[in-house]
Amino acid sequence: MERTLVLLKPDAVQRQLVGRIIARFEAKGLKITGLKMMNVSQELAREVYKPHKGKDFYEPLMAFITSAPVVAAVLEGKDAIAVVRAMLGPTFGPDAPPGTIRGDLGMSKRYNLVHGSDSPASASREISLFFSPGELVDYELLSEKWIYARLKGELL
């Protein structure tokens, strides 16, 4: 199973969309292994957005992500990174198709509600920035047998 980090950004928190967004991931069949609300410090924001330093949107992004609380979640499932990114839709709400989180809930070209890791390496790095190993919970999701079919032990 693969893990990915999802951040529900300040606009999602302030618009009271946290429950609706998390419910979509659960309804899809993704397992929550970590979940917390927190304020993002300047230091953490610098580390998270280090790859974007020097770009024109870097400073506004830093101000935005530290402006109000976020909800950080670690989701687990087969191909979780690709599944989550497909559920999020394109970066900007006006460009995102209906049925995606950003397409259904977003209108801004600056505020885009959620972040999802874009690769296994990014997921590993980002999860470690937001969660210590003791904050992640391994458990058996009893409904998993109804979420994934299996063929000779392989999840389908």
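Here, each number is a calculation from the coordinates, and none is a lab measurement. Given the structure is predicted, the values throughout are model-derived calculations rather than measurements. Every residue, glycine among them, receives a Cβ derived from its backbone with ideal geometry; neighbour counts consider all protein chains shown.
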Fluctuation leader among Ser122, Ser143, Ser41 - the chain, Gaussian network, Cα springs under 10 angstrom: Ser143
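Can you list which of the chymotrypsin sites (Phe, Trp or Tyr not before Pro) found in region 13-107 are DSSP loop residues with at most 11 other C-beta atoms within 10 Å?
Qualifying residues, ordered by number: Phe57.
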Sparsely packed trypsin sites (Lys or Arg not before Pro) within region 33-64, loop by DSSP, other Cβ within 10 Å at most 12: Lys53, Lys55
³J(HN,Hα), Karplus 6.51/-1.76/1.60, whole Hz, each residue of region 33-43, x for Gly, Pro: 10, x, 7, 7, 9, 7, 8, 8, 6, 4, 4
Amide N proximity, region 66-85 versus Leu129 label position 7 Å along Cα-to-Cβ, cut-off under 12 Å: 66
log₁₀ of I(q)/I(0) at q = 0.09, 0.20 Å⁻¹ - region 2-155, Debye sum with one point per alpha carbon: -0.29, -1.40
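At most 11 other Cβ atoms within 10 Å and a DSSP loop assignment: could you name the trypsin sites (Lys or Arg not before Pro) in region 62-136 that fit? Before the final figure, lay out each step's value.
Values: sites: Lys78, Arg85, Arg102, Lys109, Arg110, Arg125; in loops: Lys78, Lys109, Arg110.
When the trypsin sites (Lys or Arg not before Pro) of region 62-136 are filtered for loop state and at most 11 Cβ neighbours within 10 Å, Lys109, Arg110 remain.
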Residue exposure sequence - Val114, Val137, Val71, Val6 - by fewest surrounding Cβ within 10 Å: Val137, Val71, Val114, Val6
Relative contact order (percent, whole number), the chain, Cα cutoff 8 Å, 6+ residue spacing: 33 percent
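For n ≥ 4 DSSP H runs only, could you compute -39500 (n - 2.57) per run for the chain, divide by its residues and tell me the 222 nm figure to the nearest 500? Could you put the intermediate results ahead of the total?
Numbers: 8 runs with 60 residues, N = 156.
Estimated from H runs of four or more residues: -10000 deg cm²/dmol.
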Rounded to whole Hz, the Karplus (6.51, -1.76, 1.60) HN-Hα couplings of region 92-102, x for glycine and proline: 10, x, x, 8, 8, x, x, x, 8, 4, 5
Lysines with Cα under 17 Å of Lys78, excluding same-chain neighbours fewer than 8 positions away: Lys28, Lys31, Lys145, Lys152
In degrees, nearest ten, helix 18-28 long axis to first principal axis of the chain (Cα): 30 degrees
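For the pair Tyr58 and Met107, what calculated FRET efficiency results from E = 1/(1 + (r/R0)^6), where r is the Cβ-Cβ distance and R0 = 22 Å, to the nearest 0.05? Working shown, then result.
Details: r = 23 Å, r/R0 = 1.03.
Result of the calculation: an efficiency of 0.45.
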